[in-house]
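Student: Dropping a structure here in structure tokens format, bear with me for questions.
Derivation of every value follows stated rules applied to the coordinates shown; laboratory data play no part. Predicted, not measured: the structure shown is a model, and the values here were computed from it. In this analysis, Cβ positions are derived from the backbone assuming ideal geometry, glycine residues included, and neighbour counts consider all displayed protein chains.
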Amino acid sequence: MIQILLVPTKMVGTRGKARDFMQLLEYFYDRNNDIVNYHQRKFNLPDRDKILLHGSPASGKTSLVLDYLMNYDPELTLYIDFQDPKFQFRDMMEEDVEGFVEANEIEILVLDHYEHEYFEKLPKVKKLIIVSNTYYKYIENFHSLYLPLLDYEEFFSFQKRGTEKQIFNLFLKQGTLPQLALQTTPKEQLFLQFIKSHFSKSEQKLLTILAHFNGATVTTHQIYTYAKERYKISKDLIYKQIKHFQEQDIIIFIEEFNSSKQKKLLFFDFALAKYLTLTQGFQRQFETMVALSLTKHNIHFKSFGTSGFITYRKQLIIPAPFESEERFWKKAHNRFSSYKKTDIKKIIVITVNAQYEFKIENIEFEALPFYEWVVINDEE
């Protein structure tokens, strides 16, 4: 007589899931995470037990972390990438991670492409590094490090050859995505690859709308009205997507100096905005480049109508790529009363290559090429 042992289906499923978890963790533990051709950024991970590294997609967060891990014994590290396709039909429990960490005496745990609150409780480990596109305030004492896209100085350091003017022209064409600063592949191919790999089809459509409005004073409602005339989208969804893009620093709304209700939209990469739409001429692209430089240097500023940007120290930054001294001198005299009324201390004109200076009464006017201004524009 053969005795048949019946095992409850639920128990089999639980055991199967546990086995899947272990296989997945073993895969990440054994995976080769060595990174080649990494170009050092001006940011380093601090010596803290808990770190949150955040920033917009493709800002180089993963590369920075993998380069950091190369300084440690791989037997003591565990890097988990939640964007890995093996997560498609699997979940992971913090208890499994914690048990694996303890069993293998792992000291450094990295959770990359992590969705905040994915785990109910974060795994216990000597050093925990969370990598995410968005900021989140954890109850635990985390050190937060924001990694932006490249500024001009970093882009310059990535280049092996070329004059200042040549590198500046390349910066205009390539933009601020780190992978583009090192690639010889046509930027259109890399832009397309970046968009398809980081955004859903609905988000891709919204990106083109936002790129269209880059540098314009616009409300969320106006964006929605413009979008719904071009594709089917609900108001709730587009508001949700815009909020999500703001959290990822893909777009920034700059407050208008003369009206707190009006805000100017700033797209996170001027070259990508030009790729996505036909409305981004050189002037708009140049203005965005200047504004992004201000944000990356942590300078607090507001939009000053169509003139430019005004800093908290009452310096007026005017992007005027091809403005000659004679033409700008005439404009300065015509607008001088408004400058004086606003208590402007100094006016800096950002050009492509022109350089000059003059003074009207007590206001100093100075024109500088972008690549010279950008290395000295840190007021903080």
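Student: Which is the longest part of the chain that has none of the chymotrypsin sites (Phe, Trp or Tyr not before Pro) sitting in a DSSP loop with at most 15 other Cβ atoms within 10 Å?
Tutor: Longest gap between qualifying sites, sites excluded: 139-230.
Student: Write out the GluC sites (Glu not before Pro) in the range 167-233 meeting two conditions: DSSP loop, and at most 12 other Cβ atoms within 10 Å of their Cβ.
Tutor: 229
Student: Using only the alpha-carbon atoms, how far is helix 9-30 inclined from the longest principal axis of the chain? Give it as 0 to 90 degrees, nearest 10.
Tutor: Taking Cα atoms only, the helix is inclined about 50 degrees.
Student: Quick check: pseudo-label points 7 Å beyond the Cα along Cα→Cβ at residue 236 and residue 166, how many nm apart are they?
Tutor: With each label placed 7 Å out from Cα toward Cβ, I get 5.6 nm.
Student: Next up: Roughly how big is the chain's charge dipole about its Cα centre, with Cβ charges of +1 (Lys, Arg) and -1 (Asp, Glu), in debye to the nearest 20?
Tutor: 1840
Student: Stick to the Cα atoms of the chain, pair each with every other, and give me the Kirkwood hydrodynamic radius in Å at one decimal.
Tutor: About 23.6 Å for the chain.
Student: Using 1/(1 + (r/R0)^6) with R0 = 30 angstrom and r between the beta carbons of residue 82 and residue 185, what's the FRET efficiency to the nearest 0.05?
Tutor: 0.65
Student: Would you give the gap between the C-alpha center of the range 68-132 and the C-alpha center of the range 223-280, rounded to a whole Å?
Tutor: 34
Student: Using a Förster distance of 25 angstrom, determine the FRET efficiency expected from the C-beta separation of residue 202 and residue 90, and round it to 0.05.
Tutor: Calculated transfer efficiency: 0.45.
Student: How tilted is helix 94-103 with respect to the longest principal axis of the chain? Cα atoms for both, answer in degrees (0 to 90, nearest 10).
Tutor: Here the helix axis deviates by roughly 70 degrees.
Student: I've got another one for you. With θ taken as phi - 60° and the coefficients 6.51, -1.76 and 1.60, list the Karplus ³J(HN,Hα) couplings across the range 154-165 in order, rounded to whole Hz; mark glycine and proline as x.
Tutor: My calculation for the range 154-165 gives 5, 4, 4, 5, 6, 7, 8, 8, x, 6, 4, 5 Hz in order.
Student: Sum up the charges of everything whose Cβ sits under 13 Å from the Cβ of residue 250, counting Lys and Arg as +1 and Asp and Glu as -1, but leave residue 250 out.
Tutor: Charge balance in the 13 Å sphere: -3.
Student: Continuing with the same structure: Could you identify which residue out of 178, 46, 57 has the top mean-square fluctuation in a GNM of the chain using Cα springs shorter than 10 Å?
Tutor: In this elastic network of the chain, the residue with the biggest mean-square fluctuation among 178, 46, 57 is 46.
Student: Using the charge dipole of the range 60-152 (Lys, Arg: +1 at Cβ; Asp, Glu: -1 at Cβ; taken about the Cα centre), state which of 144, 79, 128 has its Cα farthest towards the positive end.
Tutor: 144
Student: If I take R0 = 56 Å and measure r between the Cβ atoms of residue 331 and residue 72 in this structure, what FRET efficiency does the formula 1/(1 + (r/R0)^6) give, to the nearest 0.05?
Tutor: About 0.45, to the nearest 0.05.
Student: Of 219, 185, 277, how do they rank once you tally other Cβ atoms within 10 Å and put the fewest first?
Tutor: 185, 219, 277
Student: Restricting to DSSP H runs of at least four residues, report the calculated mean residue ellipticity at 222 nm for the chain, -39500 (n - 2.57) per run over all residues, nearest 500 deg cm²/dmol.
Tutor: Mean residue ellipticity, 222 nm, calculated: -12000 deg cm²/dmol.
Student: I'd like the orientation of helix 282-296 relative to the chain: the angle between its Cα long axis and the longest Cα principal axis, in ° from 0 to 90, rounded to 10.
Tutor: 60
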